[in-house]
Amino acid sequence: MLARNTVDTTVLPPAERFGMWLELLARTSVPVRVESAAAADFAARAEFTDLGGFEVVGYEYPSLDVSRTRKLIRRSDPELYILALTTSGLGMSSQDGRRSEILAGEFTFYDASRPHDVCHYASEPGRTRATSITALIPHAALPLPPKRMAALYGGRMTGSEGLGALLAQFLVQVTGHPEQYHAADAGRLGAVGLDLATTLLGRHLVAEDAVPTEVRRRALVTQVQAYVHRHLGDATLGPQTIADTHHISLRTLHRLFEGENTTVAAYIRDLRLARCRRDLTDPALRAQPVQVIAARWGFGDKAHFSRAFRAAYGMSPQACRDGDPVPARDVNDLASRVNSTQAD
């Protein structure tokens with residue numbers, strides 16, 4: 001089953017539910033300000049599924065208004081695009097002067113690194129909550145020209161026909177039935193989701209008859225990188241294995257990485273070394289021998305690992321372990337500070 005984190009405010013008394021929701025949003029990578037007429041009894045649910053860097057979140061909540069200000073962006077900017085599918089209710093999206101009404105079955109797209117406003121209301125008779133599914137896409141993972149993406153901010157795209165329908169069905173299926181997949185499927189599903197999102201967005205930027213060669217190249221690079229991340233601990237992982245898995249020639253694979261300012265082998269090695277360094281500086285793994293950590297990330301030869309580590313970091317693996325630990329990442333401010341921030 002796909003790993004999923006669920007937050008359900010109904011586990012608390014009604015008076016405490018909105019505070020729980022605010023704290024949840026404050027601790028995400030994209031903190032926002034929230035207002036709701038249902039704050040006195042905010043029965044809401046969020047389900048987070050990480051598909052190897054392509055995170056999908058299913059939401060159910062009472063009507064609300066959300067805003068992300070410049071101050072909140074300066075406080076935390078993970079450089080993410082957000083592609084949101086309204087599955088019930090009526091939405092409103094606004095960014096960079098463009099404002100759109102979003103109906104059930106439609107997508108909207110915006111950049112979390114820029115101020116925006118989003119409203120979502122439960123509009124159907126007999127329903128008190130609205131629902132949506134959002135995909136969080138790192139800027140670097142989307143193989144489309146960043147300067148051209150602004151043309152799509154705050155806009156609407158259909159999710160009921162063509163590529164939009166394929167992506168909508170994919171998001172609904174993955175979030176609604178995680179038990180139908182294995183945890184090992186997450187990376188591949190993420191690659192599929194990213195491909196569909198890239199093609200959908202690309203078709204709204206260019207002529208319908210073709211997606212640019214660079215878009216296709218970046219999509220394939222993203223698939224390859226996701227594959228490497230999933231199989232990093234496999235000592236047999238190498239360029240030929242990757243090429244065979246993706247049904248391309250070794251020459252084509254090497255050409256793909258020419259645009260990444262690295263080689264396939266160097267990309268694998270650098271990722272492995274970074275994982276080893278992370279584990280070596282983790283106090284919880286202090287008792288594990290250095291070679292065990294190295295083998296976990298694909299280094300079967302102790303001498304080769306030591307040479308590669310010293311070349312990359314200027315010290316031996318043991319010296320790295322004996323040094324100061326890597327500083328912990330800053331945690332987002334608490335909800336009380338986020339939600340009290342005044343808009344710029």
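The values are calculated or read from the model by the stated rules, or taken from the named source; none is laboratory data. All of these numbers come straight from a predicted model, not from anything done at the bench. Heads up, the Cβs are rebuilt from the backbone with ideal geometry, glycines too, and the neighbour counts pull from every protein chain shown. Side chains are part of the model used for accessible areas, which takes the heavy atoms of the whole protein and leaves out ligands, DNA and RNA. Shrake-Rupley method; radii C 1.70, N 1.55, O 1.52, S 1.80 Å.
Among the residues that make up the range 84-95, is at least one of them open to solvent by less than 40 Å² (accessible area, probe 1.4 Å) and touching a helix residue (DSSP H, G or I) at 6+ places or on another chain (Cβ under 6 Å)? Yes, because at least one residue in the range 84-95 is open to solvent by less than 40 Å² (accessible area, probe 1.4 Å) and touching a helix residue (DSSP H, G or I) at 6+ places or on another chain (Cβ under 6 Å). Are there any pairs with C-beta distances below 6 angstrom linking a residue in the range 288-299 that is within 17 Å of Leu237 (Cα to Cα) to a residue that is open to solvent by 60 Å² or more (accessible area, probe 1.4 Å), with the two at least 6 apart or on different chains, and if so which? Short answer, once both residue conditions are applied: Gly298/Ala235. Which ones in the range 118-158 are touching a helix residue (DSSP H, G or I) at 6+ places or on another chain (Cβ under 8 Å), farther than 26 Å from Gly89 by Cα and among the small types (Gly, Ala, Ser)? Passing the criteria: only Ala141.
Scanning for something buried (at least 16 other Cβ atoms within 10 Å of the Cβ), touching a His at 6+ places or on another chain (Cβ under 7 Å), within 16 Å of Pro115 (Cβ to Cβ) and not acidic (Asp, Glu), does the range 16-33 turn up at least one residue? No, the conditions are met nowhere in the range 16-33. Taking (1) buried (at least 17 other Cβ atoms within 10 Å of the Cβ); (2) touching a Pro at 6+ places or on another chain (Cβ under 9 Å) in turn, Ala37 satisfies each apart from (1). Taken together, Ala104, Ala112, Ala165 contain a single residue that is open to solvent by less than 20 Å² (accessible area, probe 1.4 Å) and free of Cβ contacts under 8 Å to residues at least 24 places away in the same chain, which is Ala165. Residue-level analysis places Leu2 outside the set of residues that are assigned to a helix (DSSP H, G or I), touching a helix residue (DSSP H, G or I) at 6+ places or on another chain (Cβ under 6 Å) and among the hydrophobic types (A, V, I, L, M, F, W, C). You will find that of Gly238, Gly193, Gly176, the residue that is open to solvent by less than 40 Å² (accessible area, probe 1.4 Å), at pLDDT 90 or above and within 16 Å of Leu85 (Cβ to Cβ) is Gly193 and no other.
Restricting attention to the range 130-147, the residues being farther than 18 Å from Asp195 by Cα and crowded, with 20+ Cβ neighbours inside 10 Å number 2.
Among the residues of this structure, Ala295 counts as one that is more than 16 Å from Gly323 (Cβ to Cβ) and either assigned to a helix (DSSP H, G or I) or in contact with a Cys (Cβ under 9 Å, 6 or more places away or on another chain) (or both). Determine if the range 174-195 includes at least one residue that is of a type in the set (A, V, I, L, M, F, W, C) and under 21 Å from Arg45 (Cα atoms). Looking for residues that are of a type in the set (A, V, I, L, M, F, W, C) and under 21 Å from Arg45 (Cα atoms), one finds at least one in the range 174-195, hence yes. In this entry, Thr49 passes the filter for residues that are outside any helix (DSSP H, G or I), touching a residue at least 24 places away in the same chain (Cβ under 8 Å), open to solvent by less than 60 Å² (accessible area, probe 1.4 Å) and touching a Lys or Arg at 6+ places or on another chain (Cβ under 7 Å).
Taking the criterion of being touching a residue at least 60 places away in the same chain (Cβ under 8 Å) and out of contact with any Asp or Glu (no Cβ under 8 Å at 6 or more places or on another chain), the residues of the range 1-23 that qualify are Gly19, Leu22, Glu23.
Evaluating Ser306 against the criteria (1) touching a Gly at 6+ places or on another chain (Cβ under 7 Å); (2) open to solvent by less than 70 Å² (accessible area, probe 1.4 Å); (3) outside any loop (DSSP other than H, G, I, E, B) leaves one unmet condition, (1). The residues of the range 109-142 that are out of contact with any Leu (no Cβ under 8 Å at 6 or more places or on another chain) and under 15 Å from Gly159 (Cβ atoms) amount to a single one, Thr131.
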